[in-house]
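Each value in this text was obtained by applying a stated rule to the coordinates, not by laboratory testing. Here the structure is a predicted model, which means the values were calculated and not measured. Glycine also receives a Cβ, built like all others from the backbone with ideal geometry; neighbour counts cover every protein chain displayed.
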Amino acid sequence: MIWKIFLVQEHGRSRKLSKIWVINERVRVGLAESLSTYVMMVFGLGSVAQVVTGRGAFGEYLSVNLGFGLGVAMGMHIGGRVSGAHMNAAVSFSMCLFGRLGWRMLPVYILCQLIGSFLAAGTIYSLYYDAIYHYCGGNLTVSGPKATAGIFATYPAPYLSLPAGFLDQVIGTAMLLLCLMALSDQRNQPAPSGSEPIAVGLLVLLIGVSLGSNSGYAINPSRDLGPRIFTAIAGWGPEVFRAGNGWWWVPVLAPMVGGVTGASIYKVFVELHHPSPCEHRREIEDEAEEEAAPLDMQKNLSPEVCV
């Protein structure tokens with residue numbers, strides 16, 4: 001059974017509560033993951049649309065970084081306790097590989113992330129339809145001075161080769177997963193409870209302002225592929241897959257490699273070297289004894305000596 005409707009008795013009659021509980025795990029997770037990704041992408045793509053169509057009057061490159069960073073934070077608030085709000089196929093794949101998510105859930109996560117990002121692209125296209133057509137004169141192009149496809153998906157800078165772009169995406173996603181592993185490591189220095197969304201949002205902002213200029217720091221197959229498919233359907237055509245020497249596959253494959261790389265680095269350099277729970281408890285007890293030792297010595301002194 002997927003849906004469960006609660007009933008209550010009121011004056012001898014049953015009435016439906018305005019609450020429907022979804023008890024199927026995949027449905028609950030899928031709904032939360034779709035909505036989280038949708039919200040993140042609406043804020044992120046919306047910030048790009050404002051900068052591009054406003055010709056810099058309504059923001060600049062930092063605005064895009066802030067839009068995606070805060071969008072990630074809001075997405076985590078929406079689905080964090082239900083699906084984990086991965087909003088990123090590279091994150092979901094890495095979590096499966098390291099045993100933190102069942103493989104049977106991976107197709108659900110990826111599909112729902114793509115749906116959320118596709119719908120977000122449609123929302124921003126509808127919202128900025130007039131602005132886009134006014135900006136480009138009705139000519140929807142992928143490259144050139146009035147290109148607008150970059151509002152929705154990422155494209156490499158003119159100087160960037162495919163190998164360099166692949167490395168760019170690997171390193172950016174590796175930094176993302178490395179830091180995400182640290183922020184969630186309860187035996188190290190995790191983000192304080194309740195502050196995880198803003199911590200991850202700041203992490204995405206940091207990656208954007210430091211590693212984003214080469215190719216728009218997609219670092220997320222779901223973020224890039226869904227809107228790219230939308231633009232192919234909405235009027236930009238198959239050129240969205242041919243541009244940049246066939247760039248489209250780089251932000252799909254490279255983040256997968258980078259995510260596993262970053263998570264592995266953290267595990268090898270830090271997580272595997274944590275003391276066992278018993279040793280950790282013993283260390284805490286020893287530290288407590290050392291801190292209490294001066295107080296115990298002071299208690300044993302006579303009043304005359306203490307004066």
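What's the ranking of 38-44, 226-232 by average number of surrounding C-beta atoms within 10 Å, highest first?
In descending order of packing, they fall as 38-44, 226-232.
Show me 97-110, 133-146 ranked by packing, highest mean number of other Cβ atoms within 10 Å first.
97-110, 133-146
Could you derive backbone 3J(HN,Hα) for the range 168-173 from the dihedral phi with the Karplus parameters 6.51, -1.76 and 1.60 (θ = phi - 60°), listing whole Hz in sequence and x where the residue is Gly or Pro?
Coupling constants for the range 168-173: 4, 6, 5, 5, x, 6 Hz.
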